[in-house]
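The values are calculated or read from the model by the stated rules, or taken from the named source; none is laboratory data. These numbers were taken from a predicted model, which means no experiment stands behind them. A quick note on method: Cβ atoms are made from the backbone with ideal geometry, for glycine too, and the neighbour counts reach across all protein chains shown. Just the protein is used for accessible areas: all its heavy atoms, side chains included, with ligands, DNA and RNA removed. Shrake-Rupley method; radii C 1.70, N 1.55, O 1.52, S 1.80 Å.
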Amino acid sequence: MSEIYIILFTLIITLFLNYILNKNEFLVDKKFSSHKSFATNEIIPISGGLIFLICSLYFLSFDNLILKCFIFFIFLVGFLSDTNYLFSPTKRFFLQILIVLLFVYLSETFINSLRIPFLDKFLENIFFKYTFTIFCYLVLINGANFVDGLNTLFLGYSLGVAITCLFVAKHVGISSDINNFLIIVILLSVLYAFNFFGKLLSGDSGAYLISFLLGYYLIYISNFTEIVSPYFVACLLWYPAYECLFSIIRKKIIKTKITQPDNKHLHHYVFIFFKKKLKLKGVILNTFSGTSINFFNFFIFYNAYQNLSQTKNLLLILLVSFIFYNSIYFYLKKISNS
């Protein structure tokens, strides 16, 4: 199928849905909380997830019918959250566990190896294998939702992951999925362009759906060949995963509810920093802040790709990423509070 056709179709669907949603004030971000209105007060359609679902179901070749069903289910949880029919974070998390558990069970999509002998011993236990795989999915999709707070941050990050997956698929010879990766790159590129100018948000539905699908494909790539170290996958997904774990620990330390959203994530402090130092405003400030974080992430992706099978080097890249994140976080937090 022509790439031009996919681009045009996605553009038409995006423009049409945005018009309908805005006109009917349905599935729009009405800024009902300080968390929602941190970066902008504009009412923006939360259409990214719906557009990606429609286009992916239409264009992607799903050899795995179970995957096709479950991307809809995980989208639905996010959609109900975006429309405020499922406001409770606890209920959303329970549904996520149920959906991911059923998906892993029915599709038998496991993380099979961590390339460290004593850890692989644990993975020989089926209960541990289920628990660890489900845990990784949950950390990823919730972390993706955490970082979806600025223009281009989540969609740009996802686009970078998808492009890297496309290169890896060509490198290791996964010819059956190269076309799927190309389609995902095109869909995310169109959504990214609209999000860049603040014309749509991915929302919970988009964050859950896109991260779930990318997580599945990365597990598949890691299991497909020994060329790809599982720590390469970790390098691609480190940011949303670490954001999720870091936020849980942070909230435990300050004794606030883990499920309570706040404005104390890294991207919030980056936003405040550029607002103070560069005097940027509006969409420019929003987009510039998100893009600046992704520049570092793309640097991580590039170096991880150069060390595709080198587990020790990839572990070092992860360590540097964690140290850099913590250093920047506490530095920016100090500045914003001064």
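Some notes on this structure:
- Fraction of accessible area attributable to carbon and sulfur, the chain (%, probe 1.4 Å): 68 percent
- Within the shell of other residues whose beta carbon sits under 15 angstrom from the beta carbon of Glu226, the net charge comes to 0, with Lys and Arg scored +1 and Asp and Glu -1.
- FRET efficiency estimate (nearest 0.05) - Cβ-Cβ, Tyr220 to Phe127, R0 25 angstrom: 0.65
- Gain in span if fully extended, Lys255 to Ile20, counting 0.36 nm per residue against the direct Cα distance: 80.4 nm
- Sorting the segments 319-327, 180-188, 238-246 by their mean number of nearby beta carbons within 10 angstrom, highest to lowest, gives 180-188, 238-246, 319-327.
- Estimated 222 nm signal from helices in the chain, with DSSP H stretches of n ≥ 4 weighted -39500 (n - 2.57), rounded to 500: -25500 deg cm²/dmol
- By average C-beta atoms within 10 angstrom, highest first, the peptides 117-128, 294-305: 294-305, 117-128
- Under 5 Å, built H, 5+ apart or other chain: amide partners of Val28: Ile46
- Simple label model, 7 Å out from Cα along Cβ direction - Asn303 to Ile43, nm: 4.6 nm
- Dipole magnitude (debye, nearest 20) for the chain, charges at Cβ of Lys, Arg, Asp, Glu: 1480 debye
- Computed E for Val172/Tyr58 - FRET, C-beta separation, R0 41 angstrom, nearest 0.05: 0.90
- Ligands, DNA and RNA are left out, and with a 1.4 angstrom probe the accessible area of the range 109-195 is 38 Å² per residue.
- Rotationally averaged projected area of the range 149-263 (alpha carbon convex hull; nm²): 7.8 nm²
- For the range 170-222, the Rg and Dmax computed from alpha carbons only, in angstrom: 13.0, 37
- Net length gained if the chain between Phe110 and Asn337 were fully extended (0.36 nm per residue, minus Cα distance): 77.4 nm
- Positive-end ranking of Gln306, Gln260, Leu318 along the dipole of the range 250-319, with charges on Cβ about the Cα centre, is headed by Gln260.
- Once the gyration tensor of the Cα atoms in the range 1-139 is diagonalised, the equivalent ellipsoid follows with semi-axes of 34, 22, 13 Å, ordered largest first.
- All-pairs Cα distance distribution in the chain, expressed in whole percent, bin size 10 Å: 5, 26, 36, 25, 7, 0
- Taking every full run of DSSP H in the chain, the ones that stretch at least 24 Å from end to end by Cα along their long axis and average 1.6 or higher on the Kyte-Doolittle scale are 65-82, 153-172.
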